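Each remark here refers to the structure printed beneath this line.
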Amino acid sequence: MKQVVQNYKTGELALLDVPAPGCKPDGVLVRSAYSLISTGTELMKVSEAGMSMLGKARSRPDQVAKVMQSVATNGVPATYRKVMGKLDSYTPLGYSLCGVVEQVGAGIDDVKVGDLVACAGNEHALHAELNWVPKNLYAPVPDGLAPRHAAFGTVGSIAMQGVRRGEPQLGDVALVIGLGLIGQLVVQLLAASGARVVGVDPDPVRCELAERLGAATCGDPESAAVEAAVAELTDGHGVDQVYLAAGGGSNQPVELAARLSRDRGRVVDIGKCRLDLPWNAYYEKELDVRFSRSYGPGRYDPEYELEGRDYPIGYVRWTERRNLACFLDLTARGSVDVEPLISHIADFDDAVETYRSLKDGDLKAVAVLFRYPGHAAEAAAPVVSVPAVKRPGGSVSRPVRAAGKPVRLAFVGAGNYATSMLLPHLAQRDGIELSTVVTTTALSAANAQRKFGFAGATTDLDAVLGDESVDAVFVVTRHSSHAELTRKALLAGKAVFVEKPLALTEDELAGVLAAVEESGNDRLQVGFNRRFAPLLQEARKRFGARTGPANLRYLVNAGRLQHGSWYLREGTEGSRFAGEGGHFIDTASWLLGADPVSVYALATSGNEDLQVVLRYPDGSTATISYVTSGAPGFPKETLDLVADGKVLRLDDFVRAAVYDSRPKRWISSRLPKARDKGQSAALAAFVKAVRSGGPMPVPLESLVATTAATLAVQTGLVSGAPVTLARAR
């Protein structure tokens with residue numbers, strides 16, 4: 001079998017052919033599927049191995065002390081031979097993996113051959129094709145958890161043990177210093193525990209990633225904004241806990257911890273940072289400094305780790321193995337999301353080059369995985385279902401407004417988008433009455449009522465849904481509530497205009513369609529407004545019909561979000577693309593006149609910049625580049641459609657051009673730099689359909705297909721393979 005090794009004397013990294021381990025009692029033989037590179041611990045070892053002997057000594061004074069003790073006991077020659085012999089030997093790398101049980105040793109009855117397990121230990125979960133793992137250092141992987149995600153089990157246990165040492169309580173405010181791999185996991189675990197989290201890291205990309213994963217705010221350690229955020233969140237008292245997840249030789253982390261802690265707060269050291277504690281600062285606040293020992297109780301105890309002797313749960317609730325199982329469970333249930341942390345997946349055969357790229361800085365990463373031979377071929381091709389739209393009883397009854405009677409609209413939600421992009425187009429429109437606005441806070445409802453002339457304002461959704469005089473309900477709330485509110489409004493017999501996204505999961509989408517089937521009410525429109533933009537409508541008309549397949553390129557220069565934006569709360573509100581991507585998929589499908597049949601998605605580190613390739617039934621393709629790293633002065637949306645010797649070009653809804661055998665034909669917006677993205681026309685079409693009882697502006701089947709394709713992007717990012725959109729019949 002093959003294994004990654006390193007010579008600590010020379011720094012040499014190698015992928016060696018070594019004998020396969022045997023299967024001993026009280027353990028299992030595991031064939032690796034994915035193993036995780038710890039970009040902190042392992043890279044530190046790799047970097048140290050490349051140092052001179054003096055550099056090695058300076059970086060490991062603890063080892064130097066052991067050498068000096070050996071000299072005193074055994075003399076210089078014997079100690080020299082011992083040290084050189086140890087240095088000039090291959091040592092293994094790795095300590096976190098997921099694999100398949102290949103053989104079960106005597107005394108093991110909790111797993112069987114073929115089971116998927118997550119494994120831990122720097123002697124048993126190595127970067128190797130086969131590992132023998134003792135009983136207390138593996139845990140079965142829950143159903144539905146991807147092997148690449150289960151490979152995070154050990155580092156997740158390290159982060160979890162650190163959080164347990166901090167003893168967070170509901171409502172606490174915690175500071176995480178260092179937002180590398182461990183720090184990002186600590187942020188998520190704290191957020192899942194009910195704590196509010198402030199993150200600190202000099203890397204703005206890591207700060208933004210932590211905010212997406214649950215941190216309230218993040219910033220540079222030198223930034224006054226961090227101190228201001230802590231003061232605001234704690235009423236000036238300071239944070240309840242500080243988690244040191246940083247490395248390096250700087251004493252800044254422990255000094256910052258003292259400055260931002262409350263009186264008698266706790267400081268937990270998880271990483272390996274300098275701990276030259278400023279005595280006065282720690283003494284005056286009587287800070288409680290705690291260390292977190294790796295994966296949890298049992299670590300470094302040979303009777304626990306090698307002989308399988310467990311600690312009674314009544315005395316030691318959370319051991320190494322229980323922490324490992326708990327982290328896997330949280331990940332399987334979606335409370336922790338490790339996918340955005342995956343910067344790169346390398347084939348195991350490229351292990352040496354991958355380490356070199358990390359060491360040299362060519363590969364900048366939070367987490368890197370090795371994928372082992374045979375695993376990718378065994379994975380089933382991912383599929384996302386496009387559920388069928390079922391309308392019982394044939395035609396659906398559609399109420400028609402009496403002549404001269406206004407269409408009465410209710411709004412659920414009155415945030416920035418509703419008040420800036422929707423209500424201004426409706427407030428003064430003839431034939432419309434803004435009936436009621438529903439918000440979760442009384443003041444926001446009152447503000448919307450005052451600004452836009454709603455007849456009533458309330459926080460009681462059921463009262464609005466039960467009001468027979470309300471013809472249509474607008475759902476303009478946060479993404480996580482869209483599907484449920486839409487379902488309720490449909491069951492209440494209302495026409496519904498819901499802002500994108502319609503749903504964040506396949507189950508949510510199925511729930512909406514179940515409401516359509518149960519109620520017979522298919523009066524639904526999603527806020528995909530770009531297909532209604534006058535400039536794009538005119539450009540499509542001038543482009544004309546096509547006979548052959550088309551290629552479409554859509555560049556979305558989305559830009560960075562501001563710190564604190566709720567769009568960053570990926571754990572509850574879905575990814576940024578899940579919230580906004582439906583716009584661009586809908587536009588592409590409308591221009592191509594069909595719904596996609598497959599989706600292939602690729603992403604840069606942290607899933608911030610996406611490439612989404614859609615394939616259509618006639619062979620047409622659409623590539624959506626959704627990027628956050630572009631220049632803010634560049635237009636947000638540019639689109640090119642190429643087919644039959646013609647090109648349609650759209651420049652940010654300000655100017656469009658059609659090229660064919662004749663000179664290009666420019667179509668400009670009426671006002672310089674005016675951008676009409678179709679909101680007004682989309683609203684007019686919806687109101688017209690509600691008033692007349694005619695068909696909704698966009699077929700429900702198309703809305704469902706676009707939503708399913710948007711969901712398939714995340715599935716594709718997880719699987720790394722094209723996703724088939726399977727249409728139910």
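Bear in mind these aren't lab numbers, they're just calculated from the coordinates by the rules spelled out. Computed from a prediction, not measured in an experiment: that's the story for all the values here. Positions of Cβ are backbone-derived with ideal geometry, glycine not excepted, and every protein chain shown enters the neighbour counts.
The table for this structure:
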read-out	value
In degrees, nearest ten, helix 320-332 long axis to first principal axis of the chain (Cα)	10
Distance violations [Cα-Cα > 20 Å] among 494/677; 488/688; 636/677; 451/500	494/677; 488/688; 451/500
Packing-based order for 226-239, 199-212, using average beta carbon neighbours within 10 Å, highest first	199-212, 226-239
Between helix 442-452 and the chain: long-axis angle, C-alpha atoms, 0 to 90°, nearest 10	40
Cysteines, the chain, no other Cys beta-carbon under 4.7 Å	23, 98, 119, 273, 326
Of all DSSP beta bridges in the chain, antiparallel share, percent nearest 5	55
Over the chain: helical MRE at 222 nm, DSSP H runs n ≥ 4 each giving -39500 (n - 2.57), nearest 500	-10000 deg cm²/dmol
Mean Cβ neighbour count within 10 Å, used as a protection proxy, ranking 651-662, 430-441 highest first	430-441, 651-662
Degrees, to the nearest 10: 576-592 long Cα axis against longest axis of the chain	50
Per-residue HN-Hα couplings for the range 428-437 [Karplus 6.51, -1.76, 1.60; θ = phi - 60°; Hz; x = Gly/Pro]	10, 7, 5, x, 10, 10, 7, 6, 9, 10
Shape box of the range 591-729 [Cα atoms, principal axes, largest first, Å]	45, 44, 33
Formal net charge of residues neighbouring residue 559 (Cβ-Cβ distance under 14 Å; K, R +1; D, E -1)	-3
